[in-house]
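Have a look at the structure below before the remarks.
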Amino acid sequence: MKVELQRINKACHFEARNEEGNSVQLDSSAASLGEGAGIRPMQSLLMALGGCTAIDVTLILTKQKLVIDDFRIVVDGYREEGNELALWEKIHISYYLKGTLDADKVQRATELSMAKYCSVAETLRRAGAIITHEIHLNEA
């Protein structure tokens, strides 16, 4: 696996591209360094976690022939305070699913994702993050 980053301007705005040519814009939020024209690298870790578990849960539930009409994930992250290298300390994932779904199967799918399949979650846990989650099923 390989990704490439290309600087876009004289500050800290970069375009990251994978081997398939898909891209994402990265930038700093610091006024002296960036323009806020892209995702900050630490935000991208939360997005990667959300994407990883979303794919897992979708695959598990669709293999069980369950119908997902809508699926949204909110990832809230809290970083260490007072450290220059502020790692993710606590992360909470909220799953919002609508469809013809069985609550027990959705619970099991999220647990399997977090405990067995999501490499991003395991990477963050090994770095010291505590990851929790909750499920909102067929809520308005």
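Values as computed for the structure displayed
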| item | result |
| --- | --- |
| Point-charge dipole on Cβ atoms (K/R +1, D/E -1) for the range 35-140, about Cα centre, debye to 20 | 400 debye |
| Where 68, 55 fall by accessible area, highest first, once all protein chains stay in place (1.4 Å) | 55, 68 |
| Accessible solvent surface per residue of the range 16-139, calculated while the other protein chains remain in place, 1.4 angstrom probe, Å² | 61 Å² |
| Surface accessible to a 1.4 Å probe, residue 136 within the full protein complex, Å² | 30 Å² |
| Under-27-angstrom lysine pairs by C-alpha in the chain, whenever the two are 8 or more apart or on separate chains | 13 |
| Point-charge dipole on Cβ atoms (K/R +1, D/E -1) for the range 1-78, about Cα centre, debye to 20 | 100 debye |
| Antiparallel bridges, percent of DSSP beta bridges restricted to the range 50-140 (to nearest 5) | 60 percent |
| Two-site FRET efficiency, residue 78 against residue 100, from Cβ-Cβ distance with R₀ of 41 Å, rounded to 0.05 | 0.75 |
| Exposure rule at most 10 other beta-carbon atoms within 10 Å, DSSP loop trypsin sites (Lys or Arg not before Pro): the chain longest free segment | 66-140 |
| Rh by Kirkwood over Cα pairs, then Stokes-Einstein D for the range 94-140 at 0.890 mPa s and 25 °C, µm²/s | 210 µm²/s |
| Two-decimal log10 I(q)/I(0) for the range 27-71, as the Debye equation yields it once each C-alpha is a single scatterer, q = 0.15, 0.19, 0.26 Å⁻¹ | -0.54, -0.66, -0.87 |
| Between the range 103-140 and the range 52-82, the alpha-carbon center distance in angstrom | 7 Å |
| Rel. contact order, % - alpha carbon contacts under 8 angstrom, at least six apart, the range 1-107 | 16 percent |
| Evaluated at q = 0.10, 0.13, 0.14, 0.18 Å⁻¹: base-10 log I(q)/I(0), Debye formula over Cα of the range 1-126 | -0.42, -0.67, -0.76, -1.06 |
| Angle in degrees between helix 41-63 and the longest Cα principal axis of the chain, rounded to the nearest 10 | 20 degrees |
| Rounded percent of accessible protein surface that carbon and sulfur make up, the range 37-128, 1.4 Å probe | 53 percent |
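The values are calculated or read from the model by the stated rules, or taken from the named source; none is laboratory data. Quantities reported herein were computed from a predicted structural model and do not represent experimental measurements. Neighbour counts are summed over all protein chains in view; Cβ atoms, including those assigned to glycine, are modelled from backbone coordinates with ideal geometry. To get the accessible areas, we keep the full protein, side chains included, count just its heavy atoms, and leave off ligands, DNA and RNA. Shrake-Rupley method; radii C 1.70, N 1.55, O 1.52, S 1.80 Å.
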